[in-house]
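The values are calculated or read from the model by the stated rules, or taken from the named source; none is laboratory data. It should be emphasised that the depicted structure is a prediction, and the values quoted were computed from it without experimental measurement. Counting neighbours? That spans all protein chains shown, and the Cβs are built from the backbone with ideal geometry, glycine included. Just the protein is used for accessible areas: all its heavy atoms, side chains included, with ligands, DNA and RNA removed. Shrake-Rupley method; radii C 1.70, N 1.55, O 1.52, S 1.80 Å.
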Amino acid sequence: MTGTRGAGRRRARTGEQLMVPRAEFDSYYGRPVIKAPSWAARDIAGYFFLGGLAGAGSVVAAGAHLTGRGRTATAMKVSSLTAVSLSAAALIHDLGRPERFANMLRVFKPTSPMSVGSWLLSAYGPAAGAAAVSAVTGRLPRAGAAATAAAALLGPAVAAYTGVLAADTAVPAWHGAHRELPYLFAASATAAAAGMALVAGPVRENTPARCAAGLAALAETAVTEAAEHRLGMVAETYREGRAGTLLRASRVLTLAGGLAAACLGHRRPAAVASGLALLAGSVCTRFGVFAAGVASAEDPKYTVVPQREGT
């Protein structure tokens, strides 16, 4: 094998013409090499987005709580509880039967992102719920503060672990970006949480959210470019078709929302508009990444060609 490769390189250097044309890859009857994800886009991409919004929102809520921004803190606690509840509902709907989620809690396997994620949701959900109930009712403030802190500690993991979950599969567009995908999901979740704070919180309390929005927009753009660079030819799935449309929309919405928040967020109409743009951009990111993964699994070249090139 080594001698054959060496001979091929020598022919290329000397300009000799190969007697046998290079082999072109074709799969068996053109069928995919790996099975495309059977997850429903609405359920699982929605689960990715809602879980990110919930987790990052708890961090924003804790910051607002500590700095005396009471209305923003309460709004974000309620938002996180709503988002994690809908996220769990989307996951259970995709699983088909509620007891399947309970079955995942029978064991704890640190090497399995699905197992770790199930336990994370089980611990995070009650903490987010207690924090929201205490904030709305005004009762048990010390217990509410403890729940707020617990939710904030678990929030970053809840926001990012779905990126690890997707990257742990054999899907080329996800696995090939295994280093960047958790950071992309975390940045997208931060942008969504900042957007929610801009929409739901009063203008006089939104300075931290405006800063977070701008930083998250820049981070998401940088990480997306890094992921596409690492993916090589597989990055075509991020630029073409449905995924390409969604991810281009995400980039425009996120950058526009972050810029508007940073420059004009002190005005209520601009704050709401930029917040909605950030939320929409985060939705497009999750659905775009999901669509890219499906496209890369359905086309066999994205599985075989990178392996042949040693990437």
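Of the helices (runs of 4 or more DSSP H) lying entirely inside region 60-144, those carrying at least 2 residues that are open to solvent by less than 30 Å² (accessible area, probe 1.4 Å) and closer than 27 Å to A40 by Cα are 70-95, 113-137. Any idea which of V272, V252, V289 is over 19 Å from the mean Cα position of the chain (by Cα) and part of a helix (DSSP H, G or I)? Only one candidate qualifies: V272. Taken over region 128-156, the criterion of being under 25 Å from the mean Cα position of the chain (by Cα) and in contact (Cβ under 8 Å) with a residue 60 or more places away in the chain is satisfied by A128, A131, T148, A149, A151, A152, L154, G155, P156. Taking the listed residues A151, A177, the one that is open to solvent by less than 20 Å² (accessible area, probe 1.4 Å), in contact with a Lys or Arg (Cβ under 9 Å, 6 or more places away or on another chain) and assigned to a helix (DSSP H, G or I) is A151, with no other qualifying. Residue count for region 218-227 under the criterion of being free of Cβ contacts under 8 Å to residues at least 40 places away in the same chain and either in contact with a helix residue (DSSP H, G or I) (Cβ under 6 Å, 6 or more places away or on another chain) or farther than 17 Å from C284 by Cα (or both): the result is 1. Here the condition is being among the β-branched types (V, I, T), modelled with pLDDT of 95 or more and either open to solvent by less than 40 Å² (accessible area, probe 1.4 Å) or at negative phi (or both); of T224, T245, T237, it holds for T245 alone.
The C-beta contact set for region 174-185 (first residue free of Cβ contacts under 8 Å to residues at least 40 places away in the same chain and among the β-branched types (V, I, T), second residue surrounded by 22 or more Cβ atoms within 10 Å (Cβ to Cβ) and part of a helix (DSSP H, G or I), distance under 9 angstrom, 6+ apart or interchain) is empty.
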